[in-house]
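Written out below as structure tokens is the structure these notes cover.
Only the coordinates and a few stated rules stand behind these numbers; no lab work does. Please read these numbers as outputs of a predicted model, since none were measured by experiment. When we count neighbours, we look across all protein chains shown, and the Cβ atoms used for this are built from the backbone with ideal geometry, even at glycine.
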Amino acid sequence: MSMPTGTFVHALGHNWLGQVDIAVQTILLAVVFVILGFRLWSRRRLHISLQGNDWFIVVATIVMLGRYVVELLLILLCGMGLHADEVNRTGGSEAFVRFKKLTYIGELLWVTVLGLTQLSILHYYLCRFQQPLMMRLIYVTIGLCSTLWIASLLATAFICTPSRKVWLASLEGDCGSRNKLHTGCALSGLILNIFILLLPLPVIRNMQLAWSRKVSLASIYVLGLVRPDQDRVVPHPRRFNLWVYSRLSFVQCRDSTGYNCCMSTGAGTGESEDQRDNRMHIDSSDSKVRSCHK
């Protein structure tokens, strides 16, 4: 059987970076779908309709699936992980153009995943924590996250004028600094993510629970702090790669769906939904709570 020309399917056997990338991303994506399935199942079991935070994370997972497809195309069509010389011999300059175009699409999808995940977590907080100060902080954080999402999306989409100059360097026009863009977005996202994950801790501290349960509950929320916050691109002197460590665009969504699902089922606390609401002093007659659990 003849090997496909212009693609790198035949080179996957010795493209070990590509193999590891596919394996890790496939495993993490499967974990995301399993946790999301448990989350949706818990909603049905508790006879609770899907909330806004559920829909945010469902859409984020679909967008992640699109980014997973982009990652596969980068490896199979562009030779990501192979030596640049081999890529040039097999695919020519067209392979590098495809690589830049797909990377551009992947970055837009990644920014969208981050924004939707942050909004999902914050909407969950709105449904759970009704203290006035807490709600004001949540609304401010929603505004900051939404602003960062839109700004990052627009800055990524229009980093070059015209946009096609991102993958066609010969076109006339100007491009901004991608390093500055990525650094700015990464630092801003890191600060907001840490703030989001620490927001509920003062409320948990004041809850009428045993310290062992407080620690368990707090651990669910700060679980996301154990993972790196930004994809890392590690250049190789001769390799044509965009090597992503640790999160590979899926871990943040995995964390948020995981602890949101655990909270919705009462995992880690041993309390029922009503008991937990009482501990947090949530007024069941409040219209906002009812709107979250129609």
Legend entry - Separation between Cα centres of the stretch 1-60 and the stretch 153-213, rounded to whole Å: 22 Å
Inset, instruction - State, to one decimal in nm, how far the label point of Val34 lies from the label point of Ile62, with both points 7 Å from Cα in the Cβ direction. - result: 2.5 nm
Legend entry - Separation of the Val24 and Asn206 label points, Cα + 7 Å toward Cβ, nm: 4.2 nm
Inset, instruction - Mind checking which of Thr61, Asn88, Leu74 is farthest towards the positive end of the stretch 43-116's charge dipole, using Cβ charges of +1 (Lys, Arg) and -1 (Asp, Glu) about the Cα centre? - result: Thr61
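What's the exposure ranking of Cys175, Cys127, going from fewest to most Cβ atoms within 10 Å?
Values: Cys175 13, Cys127 17.
Ranked by crowding around the Cβ, least crowded first: Cys175, Cys127.
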Legend entry - Sorted by Cβ neighbour density within 10 Å, fewest at the top, the residues Tyr104, Tyr139, Tyr124, Tyr68: Tyr139, Tyr104, Tyr68, Tyr124
